[in-house]
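Heads up: the structure comes next, in structure tokens.
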Amino acid sequence: MRLMFRRCAALLLPLLLAACASTPMPPASARLQLQLSPVSLGASISLQQHLKVERYGRSDELDTVLEIDPQQLNLVGLAFGQRVMTLQYDGKELKTWRHLMLPKQVQGDDVLRDIQLTLWPVAAIRAGLPPGWELQESDDGSLRRTLLQDHEVVTQIDYPDRKAWSGTVILTNLRYHYKLTIQSVVTAP
């Protein structure tokens, strides 16, 4: 049983390490610390998500349950039915739990940032960006968000279904060299 768990954890690690070990970490000033309040989403949602991370020719998958209301954001990450990560964020404090098999490079604030970049309204994100950061949104037949730091593209987010909360969202992080495909189903309004 332990051998099976170790194999499962070994398959999961690259998924959650989208921004870590094999790529040197940029200086702290290059990392976007985006911690918007849950109320700034402007809605309460409950989603089941299937995530696929592609990096350096490898593909890994994870399921999550994400609930957001005006008071808090809660995320549970599951691999093979086993809880491997939880996030709780009330707009002031981010609490993260990780399975012991997950290395310290798995950062809750990076997960929170990607959630907020894909789901939050553009105006709320722009209001929370530090100096030097910019978020553009284009809608020329396909909906796309582009995150820039000092005019350099860091992340592109495409919405092929034109919806953030249901359907498919594709986040491509050019700085950390990963592609995250998120398939979401709304389970409660």
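What value does the range 41-189 have for Rg/Rh, both radii from Cα atoms and Rh as Kirkwood defines it? Before the final figure, lay out each step's value.
On the way: Rg = 15.1 Å, Rh = 16.1 Å.
My calculation puts Rg/Rh at 0.94.
If I stretch the segment between Gln82 and Arg58 completely, what's the gain in nm (0.36 nm per residue apart, minus their alpha carbon distance), one decimal?
Values: separation 24, 0.36 × 24 = 8.64 nm, distance 2.15 nm.
Extra length from Gln82 to Arg58 when fully extended: 6.5 nm.
By a straight-distance test (C-alpha under 18 Å), which aspartates and glutamates pair with Lys92 as possible cross-link partners, with residues fewer than eight away in the same chain excluded?
Cross-link targets: Glu67, Asp69, Asp109, Asp110, Asp114.
Can you tell me how much longer the chain between Ala124 and His50 gets when fully stretched, taken as 0.36 nm per residue apart minus their C-alpha distance, in nm with one decimal?
Numbers: separation 74, 0.36 × 74 = 26.64 nm, distance 2.52 nm.
Once the chain is fully extended between Ala124 and His50, it gains 24.1 nm.
Expected output is a single nm value to one decimal: the length gained when fully extending between Thr146 and Ala188, i.e. 0.36 nm times separation in residues minus the C-alpha distance. What is it? Before the final figure, lay out the partial values.
Details: separation 42, 0.36 × 42 = 15.12 nm, distance 2.86 nm.
Between Thr146 and Ala188, full extension yields 12.3 nm more.
Please compute the contact order of the range 123-186 in relative form: average sequence separation of alpha-carbon pairs under 8 Å and at least six residues apart, divided by the residue count, as a percent.
Details: 111 pairs, mean separation 12.9, N = 64.
20 percent.
To the nearest 10 square angstrom, how much accessible area does Val169 have with a 1.4 angstrom probe?
Approximately 0 Å² for this residue.
Points 7 angstrom from Cα along the Cβ direction at Glu67 and Asp158: gap in nanometres?
The two pseudo-label positions are separated by 3.4 nm.
The values are calculated or read from the model by the stated rules, or taken from the named source; none is laboratory data. Predicted model only: the values in this text are computed from it and were never measured. Heads up, the Cβs are rebuilt from the backbone with ideal geometry, glycines too, and the neighbour counts pull from every protein chain shown. These accessible areas exclude ligands, DNA and RNA; they are computed on the full protein's heavy atoms, side chains included. Shrake-Rupley method; radii C 1.70, N 1.55, O 1.52, S 1.80 Å.
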